[in-house]
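*Asks:* Have a look at this one before I ask anything.
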Amino acid sequence: MPIKSFGISIATTGNGDIIDLTQKVAQAVRDCDINDGTVLTFVPGSTAGITTIEYEPGLIRDIPELLENLIPSNKKYHHDDTWGDGNGFSHLRAALVGASFTCPLVGGRLMLGTWQQIVLLEFDNRPRQREIIVQISGE
């Protein structure tokens, strides 16, 4: 089974940044010769996540508010005692969301719902340069 890997470089502004990756992932699919299989989108690192949402202004505000309620950024975490970087909340949020999303590929097309986009969620408390990996496998 052929496997193709692509990189997507993204500069984030830090905590709360939500970036739509859908068109870049779709371009990676168009750039390969695999029509049926799976597409894995993965962010290396422990302070960011990949998921799907309807990328619209309401959810762009709702998601950071939800995560702030679940895992407050102003709370002291044991991780902060270890490293002193104040981003313990970032690691917990990333663990909750996860680092990857896998999507079926059928007929050269990502099988996303009408209002479903693939997004990078930046949780770190500072701007980051992220190197997203898109791995396409199939035939």
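*Asks:* Just how large is the dipole of region 3-138 about the Cα centre, in debye to the nearest 20, putting +1 at every Lys and Arg Cβ and -1 at every Asp and Glu Cβ?
*Replies:* The dipole of region 3-138 has a size of about 180 debye.
*Asks:* What is the packing order of peptides 20-26, 81-87, taking the mean over residues of other C-beta atoms within 10 Å and listing the highest first?
*Replies:* So the order, starting with the most tightly packed, is 20-26, 81-87.
*Asks:* Quick one: helix 88-97 against the long Cα principal axis of the chain, what's the angle to the nearest 10°, folded into 0 to 90?
*Replies:* Relative to the chain, helix 88-97 is tipped by roughly 30 degrees.
*Asks:* If you bin every alpha carbon distance in region 63-139 into 10 Å steps from zero, what whole percent lands in each bin?
*Replies:* Binned Cα distances yield the sequence 15, 38, 28, 15, 5, 0.
*Asks:* For N35, what is the net charge nearby, where nearby means another residue's Cβ is under 9 Å from its Cβ and Lys, Arg count +1, Asp, Glu -1?
*Replies:* With Lys, Arg at +1 and Asp, Glu at -1, the net is -2.
*Asks:* Note the full-extension length gain between E139 and Q27 as 0.36 nm times their separation in residues minus their Cα-Cα distance, in nm to one decimal.
*Replies:* My answer for the length gained is 38.6 nm.
*Asks:* Between K75 and I3, what length comes free when the chain is fully extended (0.36 nm per residue of separation minus the Cα-Cα distance, one decimal in nm)?
*Replies:* 21.7 nm
*Asks:* First select every other residue whose beta carbon is under 12 angstrom from the beta carbon of L120; then total the charges, Lys and Arg +1, Asp and Glu -1.
*Replies:* Residues close to L120 contribute a combined charge of -2.
*Asks:* A follow-up question, please. With the chain treated as a Gaussian network of Cα nodes joined by springs under 10 Å, which of E122, E68, E56 yields the largest mean-square fluctuation?
*Replies:* Checking each option, the largest mean-square fluctuation is seen for E56.
Coordinate-derived values only; no laboratory data. In this text the structure is predicted, and so the values were computed from the model without any measurement. Counting neighbours? That spans all protein chains shown, and the Cβs are built from the backbone with ideal geometry, glycine included.
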